[in-house]
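Inspection log for the structure reproduced underneath, given as structure tokens.
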Amino acid sequence: MSDQHQRWIDLRSDTVTQPSAAMRAAMAAAPVGDDVYGDDPTVNRLQAFAAELFGYEAGMFAPSGTQTNLIALMTHCGRGDEYLVGQEAHTYKYEGGGAAVLGSIQPQPIANGADGSIAVADIGAYIKPDDMHFARTRLLALENTIGGRVLPLDYLEAATSFAHARGLATHLDGARVCNAAVKNGQSLRAAVAGFDTVSVCLSKGLGAPVGSVLLGPKDFIEQGKRWRKMLGGGMRQAGVIAAAAHHALEHNVERLADDHRNAADLAAGLGRIEGLTVTAPQTNIFYVQVPDAAVAPLRAHLAARGIRASIGANTRLVTHLDVSAEDVRTVVDAFGAFFRDWRA
Ligand SMILES: *Cc1c(COP(=O)(O)O)cnc(C)c1O
């Protein structure tokens, strides 16, 4: 496809969305101030709205989920402390080791099961005794959704109450917790029950251009603001982007169900194509096994038809608010045409 093509169907991530006209109008109209002084009314309104929505005392707006997670880890844990985390977790694997590098916090990674959980028995086994040989185990950090999977409700209840009973705090990397809530037909409050703090991304499926919120107790959020400033996340007239985040939380949560349905339809369509092995989606992210020899030609075939995807042997496909049901049919047809002609 040439550059003059109207638009790509982009399945690489739910971070690729464009702000809608209504979202841009909200941004243009937002009253702003210097948020480092606490003066930005739109940031303050977003933080209060998000805290209320998820059932926490206070909230903090920051430029990215990597930063809200790091602020949470650095506020829960000090130098020489440890957090328990899944091997596949974003905070451990995809955030540059920030907790260790910048926080002097030791991660204790634990294997994730097929459903994305880390076993409660393993959590117990990895909590270190109070002994000078060991780091102090302070925190359990879970992620929901994780790789598009929704953690089971009884597991969340068991893991968070176990952690609390053993004296640990609990943090949820809820970058996509709204997807989990919509999938479960739960309120956002119910979806984060059991977690002392949660980080929520507004720039994923909710469709804002920038930003995450960290939610938790008032004093925790106040302490966290020091780390945010140190990490370079103290923003000035941030109401311009907070307005988009607010719009996203108000208007784009329920519609995540459309993304889930589109992912299910896409997976079903691809699953009927010989040569592909598809893992059925629970939410808006799923994986397709592509034969090694097909990877490069398939990528080129799709690109020529206006479809961007992270094609590999283990291909991750993601639906979002800029992928329509019609786009899904276009993508299924394009994959189908490729595999009709392709021979290993
Ligand atoms: C995207 C994401 C984050 C934060 O990413 P940023 O790009 O820094 O906003 C954190 N956790 C998970 C699970 C994510 O998918």
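The values are calculated or read from the model by the stated rules, or taken from the named source; none is laboratory data. Keep in mind that this is a model prediction, so the values were computed, not measured. No Cβ is skipped: glycine too gets one built from the backbone with ideal geometry, and neighbour counts run over all protein chains shown. When the accessible area is computed, the model is the full protein with side chains, heavy atoms only, and any ligands, DNA or RNA have been set aside. Shrake-Rupley method; radii C 1.70, N 1.55, O 1.52, S 1.80 Å.
Structure notes:
- Rolling a 1.4 Å probe over the heavy atoms of the protein chains gives the chain an accessible area of 44 Å² per residue.
- Distribution of pairwise C-alpha distances over segment 1-77, 10 Å bins, in %: 14, 31, 33, 16, 6, 0
- Cα-based convex hull, the chain, per residue volume (Å³, whole number): 142
- Alpha-carbon centroids, segment 23-47 and segment 144-198: separation in whole Å: 29
- Cβ charges +1 (Lys, Arg) and -1 (Asp, Glu), total dipole of segment 216-322, debye: 520
- Solvent exposure of E95, expressed as accessible area, is near 30 Å², computed with a probe of 1.4 Å over the protein chains only.
- Here is the list for segment 31-133: trypsin sites (Lys or Arg not before Pro) lying in DSSP coil, each with at most 12 other C-beta atoms within 10 angstrom of its C-beta, are R79.
- Label separation (V36 vs M230): 1.7 nm, computed from points 7 Å beyond Cα along the C-beta direction.
- Relative protection proxy for 286-297, 311-322, from highest mean packing down: 311-322, 286-297 (other beta-carbon atoms within 10 angstrom).
- The alpha carbon centroids of segment 284-309 and segment 71-90 are separated by 35 Å.
- Cα centre as origin, Lys/Arg/Asp/Glu Cβ charges: segment 31-251 dipole, Debye: 260
- Dipole of the chain [Lys/Arg +1, Asp/Glu -1 at C-beta], most positive-end residue of G78, H246, A26: A26
- Dimensions of segment 195-343 from C-alpha coordinates, computed as largest minus smallest value along each principal axis and given longest first, are 61, 30, 29 Å.
- DSSP assigns beta bridges within the chain; of those with both partners inside it, close to 45 percent run antiparallel.
- When shorter helices are ignored and each DSSP H run of at least 4 residues is given -39500 (n - 2.57), the per-residue value for the chain at 222 nm works out to -12500 deg cm²/dmol.
- Helix 41-54 and the long axis of the chain differ in direction by around 90°, with both axes built from C-alpha atoms.
- Fully extending the segment from L153 to R308, taken as 0.36 nm per residue of separation minus the present Cα-Cα distance, adds 52.4 nm.
- Accessible carbon and sulfur surface of segment 186-344 relative to its total accessible area, %, 1.4 Å: 50
- Computed label-point distance, nm, for sites D322 and A22 using a 7 Å Cα→Cβ extension: 1.8
- Sulfur and carbon atoms: percent of accessible area, segment 138-178 [1.4 Å]: 53
- Within a Gaussian network of the chain (alpha carbon springs, distance under 10 Å), most fluctuating of P209, P129, P19: P129
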